[in-house]
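Below: one structure, written as structure tokens.
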Amino acid sequence: MTPAASVSTPRLGWLAPALLVVALALAYANSLRSPFLFDDAGAVLNNPAIRSLASFDVLRPPADGSTTTGRPLVNFSFALNHALSGENVWSYHALNLAIHIATALLLFGLVRRTLLALNCRPGRWPGSTGTRSVLHLAFAAAALWALHPLQTESVVCVAQRTEILCGLFFLLTLYAFARASEVGGHVPVPAFHRSRWLALSVASSLLGMASKEVMVTAPLIVFLYDRTFVAGSFAAAWRARRGYYVALAATWVLLALLVAQSGGARGVAAGFDLGVSPWSYLLKQCEALVLYLRLAVWPHPLVLDYGTAVVTSPVAVWWQGLFVLALLAATLWALVRRPVVGFFGAWFFLILAPSSSFVPLVTQTMAEHRMYLPLSALIVGAVVALHARRPVAVKFAVPALALVFGVATFARNRDYRDALTIWSATVADYPSSARARHNLALVLHPLGRAAEAHTHFARATELDPVYVAAWSSWAVALLADRRFDEAVRCFERALALAPRGSESAAAAKLARPLADAHVELARLLERERRAADAETHYRAALQLAPDHAGAHARLGLLFARAEKLAEAARHLREAVRLSPADPDTRANLGNVLLLQGQPRDALEHYEAALRLRPDDARLRESIRAARESVR
């Protein structure tokens, strides 16, 4: 090696990561002000467990089936953001981007070390890969992966921190193992340092298990990496590092405990008893896998939400199914005959297996964020294979493609600038998503575009006739537009479709909004002078949510008008207990108590109401009347 080369290679070793950081910062600069969207509400806005870092609740996220359930490290990271910026979104996006950059750097380091190790094994990989070529390869692969537009959902949607945080610890687990195993090293690693790297690998696996369930495949990938790039066989890997693999497998215990601790709450979104058969879901995944592969090659159009549809007949996805089976067969063959090629295939399929096999994830049957880590297998494999045939392409054409990806990512991030833009784009690119139309309607209606909103509500319920949330939201919108008859019909439809039985996790999650729907429907019925029907729905609301202050207050008023004063007082007292800062409820209870001949008790509630609303002249008159009665 010439003196010039010996100087330039270390410089390139530092320049490549620096370029990667700058490129990612520029590509995602326009996403830092994107609002909370989609699942972000459950992860951040409606998550009481992130309100205080001093509370143990930050490591005990709500067991309600939301994004953070069973994922305490993700919840803790949101608590850090909340402590820093409250509900100001910039810090959440900044941390997401920082995690993504760190993950890209880990991928760069892992690819570089692995290819340097392959250099020492002639015949294990086609093509010449000198030190400078390895740096070009590693940079090209990491840049293509990190700047790929398919990654935008994972990075920009705050709730998808589960995906990127898991990705960070997944690659750190693998990278630390590579360092401990002297993969790509130029000098032997002392035993003490090897032990520290292995300990870091196990610790990283543990942290990943607390981030997302897909981390379950990490110990398997490390074992396969060891067999492929280090030991040469599974038996040799086990003999050399038995204790390490036992420790790595022990991290599964934490994942099992977290799943158990959630009390089955994640079963609201995933499981075999949610109305979707494993067979139908598996057929849908044939379509999904082919879609993911197409988007890896041509990332357009990108869709935030593909909805919840499944496939019921193999005929509908026959060629996708055959294609996926062929890829699986090729992967199994390569694992035996071409281990390096087989490793990339196994990397892709194993990481996707928890979400894209036969266990139904009913809230999203396809999702682009699931490709966050699997995309790395496709990118790295393609870049190294291209280098074997056209080395110049990797040096010049691939960086140019990375630049195109960066520009496309910047453009895609503009769709996330507000809810109207992203849901309009989603409906335009994937019009068969009922949920996307429902979400677009929810955005349009408050903007005064009621006609468009009702069109999308109607289409959402047409696409998915049993979509309870869409019927209920449509009813609320119709109610706001004073289209009472149509609102009644939509409320009744939503209530008829609601799951029955308190033992149902889905029913428990819907209980409060359904109770709200009962209350709104009862108020409509009151306006139509159907008091008996209104009472039925107020009682139904209280069966679903016994602590619904509004239902108690409205039912109390209904009884008061019917001169059933004892029942009226009972419900109004409960409403005051549940919502003591509501002056109207206190005033109404005072009126009922005064009619019952209890002026002292009535006076107490009138005075409490006046303290809450000191400018109310009617309350002052009521207090005067109560005091006269006391005398």
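Each value in this text was obtained by applying a stated rule to the coordinates, not by laboratory testing. From a predicted model like this one, the values you see are computed outputs, not experimental measurements. Glycine gets a Cβ as well: all are built from the backbone with ideal geometry, and neighbour counts include every protein chain shown.
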Quick check for you: which residues of region 294-313 have the amide N under 19 Å from the point 7 Å beyond the Cα of R449 toward its beta carbon? 303-305
Rounded to the nearest 10, the angle in degrees between the Cα long axis of helix 468-480 and the longest principal axis of the Cα atoms of the chain comes to 50 degrees
Considering only the other residues whose Cβ falls under 9 Å of the Cβ of A231, what net charge follows from Lys and Arg at +1 and Asp and Glu at -1? +2
Cα centroid of region 192-249 to Cα centroid of region 321-364, whole Å: 20 Å
Helix-only estimate, please: 222 nm mean residue ellipticity of the chain, summing -39500 (n - 2.57) across DSSP H runs of length 4 or more and dividing by its residues, to the nearest 500. -22000 deg cm²/dmol
Run the quick spin-label model on W333 and A532: label points 7 Å from Cα toward the beta carbon, then report their separation in nm to one decimal. 7.5 nm
Please compute the contact order of the chain in relative form: average sequence separation of alpha-carbon pairs under 8 Å and at least six residues apart, divided by the residue count, as a percent. 12 percent
So what's the angle, to the nearest 10 degrees on a 0 to 90 scale, between helix 191-209 and the longest Cα principal axis of the chain? 30 degrees
Within-13-Å neighbourhood charge of A178 [Cβ basis; K, R +1; D, E -1]: +3
How large is the charge dipole for region 365-473, taken about the Cα centre, if only the Cβ atoms of Lys, Arg (+1) and Asp, Glu (-1) carry charge, to the nearest 20 debye? 500 debye
Can you check what the net charge comes to around L302, using other residues whose Cβ is under 10 Å from the Cβ of L302 (Lys, Arg +1; Asp, Glu -1)? -3
Residues whose modelled amide H sits under 5 Å from the amide H of L361, counting only those 5 or more places away in sequence or on another chain, are none
Helix 90-119 axis, angle to the chain major axis (alpha carbon atoms, nearest 10°): 20 degrees
Hey, rough spin-label estimate for A18 and S52, points 7 angstrom out along Cα→Cβ, what's it come to in nanometres? 4.6 nm
